[in-house]
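Just below is one structure, and these are the notes that go with it.
The values are calculated or read from the model by the stated rules, or taken from the named source; none is laboratory data. Remember, it's a predicted structure, so these values are computed and weren't measured experimentally. Note that each Cβ is placed from the backbone with ideal geometry, even for glycine, and that neighbours are counted across all protein chains shown.
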Amino acid sequence: MKDVNMVVDNTPDSIELARTMRPVSGSTRVGDNPVLFLVGNSTMRTGTRGNGDNGQWGWGYFMHEYFDPAKITVENHALGGMSSRTFYNQLWGDVLKGVRPGDWVIIELGHNDNGPYDSGRARASIPGIGDESLAVVIKETGKRDTVYTYGEYMRRYVRDVKSRGAFPVLMSLTPRNAWDDADSTVITRVDSTFGLWARQVAEAENVPFIDLNDITACKFERFGKEKVKTMFYLDRIHTSEFGARVNAESAVEGIASTPSLGLKDYLLPSPVDSVTGASRIQGKPILFTIGDSTVKNEDRDDDSMWGWGSVIDELFDTTRITVENHAMAGRSARTFLDEGRWDKVYDALQPGDYVIMQFGHNDDGDINTGKARGELHGSGDESKVFRMVAKGRNQVVYTYGWYIRKFIMDALEKGAIPVVLSHTPRNKWHDGLIESNASSFGLWAREAADRAGAFFIDLNAISGAKFQELGPDGSAPYFKNDHTHSSLKGARLNAESIAEGLRSTDCSLKNFLKQ
């Protein structure tokens with residue numbers, strides 16, 4: 001069996017250490033409620049600890065978020081490096097001890113069912129679903145073992161679960177970041193191997209089968225190759241948090257759409273956002289604005305702090321386009337994404353919409369302590385794993401420009417038109433000159449826009465030139481409370497600067513401006 005993965009995945013330092021990191025089977029049970037057990041490999045639980053300390057995440061980590069904890073608990077018993085054979089021989093017995101009648105067990109294995117039968121990790125199963133077997137002696141230890149087909153191991157899982165009065169569910173593998181050829185837009189499926197074999201076993205044993213491989217692969221093909229790169233971390237098999245969440249959502253979609261699968265009754269209702277996109281007039285676009293407090297603030301009365309996103313609609317013909325301001329004070333590009341605020345806009349986007357984005361004011365602070373909203377400097381592909389002190393969990397943090405590029409890619413994917421701004425100037429002066437961000441966030445925003453294919457408006461330079469002409473004293477009425485936040489007068493000045501910049505571009509959004 002050829003080792004086709006071509007990566008070193010996260011096998012346990014030892015099985016004993018792994019056992020201390022995984023839950024005791026059935027320990028999460030609440031009263032007589034059922035437990036959902038997850039059985040798999042590193043695509044379901046990455047690494048020994050499964051806590052993202054290497055920047056990789058398995059989809060099992062997020063599954064509990066979709067189920068009602070008052071009705072069912074979720075235990076992730078997967079472990080990196082396990083094949084159907086090694087999990088069955090080394091870990092399955094411990095999991096099975098906690099399984100009771102009425103429980104559910106999801107099984108997704110196969111990524112590691114290749115390589116040598118009798119040396120090294122010695123984890124390969126025989127291809128197919130037949131009755132073949134192979135007696136081997138592990139070269140390093142002299143231990144004897146009998147190797148069965150992948151299908152035979154899956155049958156054993158299914159029958160063991162049924163013997164406990166519980167309900168097994170088989171899933172195909174998560175897709176790799178592998179495409180049919182260099183120019184293809186089609187993700188390579190496992191339809192003729194593990195996906196086919198798992199389906200055949202499920203049909204023969206009369207248990208549900210969910211084609212996780214196909215559900216996620218269809219999403220990846222819609223995303224495109226550049227965005228799919230963000231779904232993986234360090235290699236082409238192990239997912240980033242973004243990819244793990246996509247796989248978890250796909251698993252839930254499969255559960256919800258499988259007829260007569262009682263597990264769906266334990267799912268939480270999908271949240272409905274009735275706000276984002278609510279201004280849409282049929283056949284007309286929406287301009288979505290996202291950013292920080294300089295885009296949306298108190299926006300209450302003439303004496304409050306204002307963001308330009310709350311007044312820019314005054315410059316547009318709102319009979320032809322509507323404007324929605326979804327910025328949030330105190331957010332950086334990273335925290336706007338982390339909190340799910342961008343997801344709401346992304347879900348609401350339709351072809352022909354526009355997104356104006358402006359971040360930078362809050363992106364230069366602490367990364368994992370304090371407000372924990374900073375990013376790495378620059379616009380490149382650099383990243384680093386940080387332990388978020390307040391949340392008590394690990395997270396990969398990218399550059400400022402990386403987050404801007406993600407917003408751009410997502411908008412383009414939905415057929416919307418992205419516009420990137422450098423952030424509003426601060427009322428800070430040095431030797432008679434107003435402070436510029438042309439060599440920092442302004443530069444990185446421009447680089448991100450150029451690389452990802454968005455329009456760019458140098459708001460910092462356009463408004464900055466106006467303030468420079470006014471001077472420090474003349475600029476003061478345009479700010480409120482401090483050197484960053486705008487008064488209503490300042491918000492309108494910035495909105496007008498955006499319109500000026502827009503008119504100098506080829507962006508079709510300018511056609512919706514009032515004459």
Exercise. Does residue 293 satisfy being among the polar types (S, T, N, Q), surrounded by 20 or more Cβ atoms within 10 Å (Cβ to Cβ) and not in a helix (DSSP H, G or I)?
Worked result: yes
For this session: Please specify each residue of segment 475-511 satisfying the condition of being basic (Lys, Arg) and either out of contact with any Leu (no Cβ under 6 Å at 6 or more places or on another chain) or under 13 Å from residue 308 (Cβ atoms) (or both).
Result: 480, 489, 492, 503
For this session: For residue 234, indicate whether it is buried (at least 21 other Cβ atoms within 10 Å of the Cβ), assigned by TED's automatic domain parsing to the domain that holds residue 76 and in contact (Cβ under 8 Å) with a residue 24 or more places away in the chain.
Result: no
Problem set entry | Residue, surrounded by the fewest Cβ atoms within 10 Å (Cβ to Cβ), within segment 426-452, restricted to residues that are in contact with a strand residue (DSSP E or B) (Cβ under 6 Å, 6 or more places away or on another chain) and not charged (D, E, K, R) | 427
Seminar exercise, completed: When segment 352-386 is checked residue by residue, the ones that are free of Cβ contacts under 8 Å to residues at least 24 places away in the same chain, of a type outside the set (Phe, Trp, Tyr) and part of a strand (DSSP E or B) are 384
Exercise. Got a number for residues in segment 390-426 being closer than 13 Å to residue 453 by Cα and not in a helix (DSSP H, G or I)?
Worked result: 6
Problem set entry | Failed item, numbered, when residue 185 is tested on (1) crowded, with 18+ Cβ neighbours inside 10 Å; (2) farther than 21 Å from residue 158 by Cα | (1)
Exercise. Which of the residues belonging to segment 457-471 are touching a residue at least 40 places away in the same chain (Cβ under 8 Å) and not charged (D, E, K, R)?
Worked result: 457, 459, 467
Seminar exercise, completed: Quick count over segment 156-168, residues being surrounded by fewer than 17 Cβ atoms within 10 Å (Cβ to Cβ) and not small (Gly, Ala, Ser), is 3
Exercise. Just checking, which of 91, 109 is on the phi < 0 side of the Ramachandran plot, among the aliphatic types (A, V, I, L, M) and either out of contact with any strand residue (DSSP E or B) (no Cβ under 7 Å at 6 or more places or on another chain) or modelled with pLDDT under 95 (or both)?
Worked result: 91
Problem set entry | Residue check for residue 52: modelled with pLDDT under 95 and out of contact with any helix residue (DSSP H, G or I) (no Cβ under 8 Å at 6 or more places or on another chain) | no
For this session: Looking only at segment 50-72, decide whether some residue is among the hydrophobic types (A, V, I, L, M, F, W, C), in a loop (DSSP other than H, G, I, E, B) and farther than 25 Å from residue 383 by Cα.
Result: yes
Exercise. So, in segment 46-81, of the ones that are in contact (Cβ under 8 Å) with a residue 60 or more places away in the chain and over 17 Å from residue 242 (Cα atoms), which residue ends up surrounded by the most Cβ atoms within 10 Å (Cβ to Cβ)?
Worked result: 79
